[in-house]
Amino acid sequence: MFKIMNLRKKGCFILLSVLLVHVVGGNVVFNVEHKFGGRGRAVLKELKAHDVRRHGRMLAPADFQLGGNGNPTGSGLYFARISIGTPSKDYHVQVDTGSDLFWVNCAGCNNCSTKTTLGIELTQYNIHASTSGKSITCEQDVCAAMFEGESSECKVGKPCEFEVKYADGTKVAGNFVKDRVNLDQVSGDYKTSPLQGNIAFGCASKQSGDLAGSSKSAVDGIIGFGSLNSSLISQLAASGTVKKKFAHCLDGVKGGGIFAIGQVVEPHVNSVPLLSNNLGKSNQTVTFKFKGNLSLTAYPHDYLFETKNEWCFSWQDGGDVVKDDDATYLLGDMLLSNNLFQYDLEKKTIGWTQYDCSSNIKVKDETSGNVYTVGAHNISSASTMTFTFFFSLISFLCYLLLK
């Protein structure tokens, strides 16, 4: 069993050939013709276009539909919709940049929530209901690769187990599985196309702590965007599907926002090393200062909230879970809202700028060089609006029938 402590925190052209077969004098003769042959320099443009299409799913940006909000008196979290399996089913998972593991609740899970107040439908993953789902056992390379090392407790033929503990005391345990994950590849302005990848993830069979059995703001699991091998973005990057870059803009006013894998080209952000997090003070109650003279200013409405007649801060002292000589703080969604953040896990940098998270951003397709627009989403409000419209329509029809 692997135990994890989380913070909870030059392209080449492929020359394809067409083989035409016929028999001459009892011999089989292959007439080889170049697919784009016989037309001189004009073919170069077609070659490039063909290569771009062939590698269209390599290093592509991806768009995640986002929902929720960071207000502790509201949902208190942001979540994304992701599709898993064959046939595919939708799951709603909390987005966590402070951890690595991607896991969802499994069928028969002990203490896992089956209802939620978020206006979404909860779904438990069933490996037997997916034709592309596979169990992972201890002797498989993927088991050791998930956490960059082997475990003496994991025996040949036994399920590859995991147990993860978060900073808030929540514990989740289960087995690793592998299945097809379906994402939305950004293929044009406000347009997406299917993007698939085989991903190893946790199948949770047991929960304890704040997640266990609660219907308030319950989701199907957690998707960590850390840099370890176990994270979804690391696995996709290892297969050459995406770059280890992602960005989020959490809408603290309307909820939802923007979440995308890829390089943001607009707006521009300045970056600093990921692990710089010294706390300073300013006249605005608080400013987080980083290397390179960058700072993140938090105004009272960004970090103060009232609960049970007490005022609380939306960050947490990370000293108990991070052993570091410098002061370490865990920043919550409420504090990070209304800013666009860009993470580069390869260069280990983070950048940000104040931004309207209900608008849009521009991301770059690393293969074609094209730049596309990605807009904001709000899953929860869309669900609520649909239900309200349906209820109003039924009420109207009943009124007409009774009249």
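The values are calculated or read from the model by the stated rules, or taken from the named source; none is laboratory data. Note that the structure is a prediction, hence the values are computed from the model and not measured. These accessible areas exclude ligands, DNA and RNA; they are computed on the full protein's heavy atoms, side chains included. Shrake-Rupley method; radii C 1.70, N 1.55, O 1.52, S 1.80 Å.
Under a 5 Å amide H cut-off, with hydrogens placed 1.01 Å from N, Phe102 pairs with Gly202, Gly224, Leu232 among residues at least 5 apart or on other chains. Amide H of Lys89 versus every other amide H placed in the peptide plane: which residues, excluding those fewer than 5 positions away on the same chain, fall under 5 Å? Residues meeting the criterion, in which the H sits 1.01 Å from N, are Ile84. The accessible area of Thr367, taken with all protein chains in place and a 1.4 Å probe, comes to roughly 50 Å². Is the shape of region 116-218 rounded, prolate or oblate, going by the alpha carbon gyration tensor and its root eigenvalues a ≥ b ≥ c, with a/c under 1.5 for rounded and a/b larger than b/c for prolate? Because a/c hits 1.5 or more and a/b fails to exceed b/c, region 116-218 counts as oblate.
Residues whose amide H comes within less than 5 Å of that of Asn110, counting only those at least five positions distant or on another chain, are Lys206, Gln207 (H built at 1.01 Å from N in the peptide plane). Here region 142-275 has an Rg and Dmax of 17.4, 51 Å, counting Cα atoms alone. Across region 112-126, coupling constants 3J(HN,Hα) worked out from phi with the 6.51/-1.76/1.60 Karplus curve, θ = phi - 60°, read 8, 5, 10, 10, 8, 9, 8, x, 10, 9, 7, 9, 9, 6, 10 Hz, and Gly and Pro carry x. Listed values for region 168-184 are Karplus-derived 3J(HN,Hα) couplings in whole Hz (6.51 cos²θ - 1.76 cosθ + 1.60, θ = phi - 60°), namely 8, x, 5, 10, 9, 9, x, 10, 7, 9, 9, 7, 7, 10, 9, 10, 9, and x replaces Gly and Pro.
Note that region 121-241 presents 45 Å² accessible area per residue, ligands and nucleic acids not counted, probe 1.4 Å. Between Ala238 and Ser193, the contour length at 0.36 nm per residue exceeds the Cα-Cα span by 14.1 nm. A simple rule links phi to the HN-Hα coupling: the Karplus curve 6.51 cos²θ - 1.76 cosθ + 1.60 with θ = phi - 60°, which for region 159-165 gives x, 7, 8, 9, 9, 10, 10 Hz, with x for Gly and Pro.
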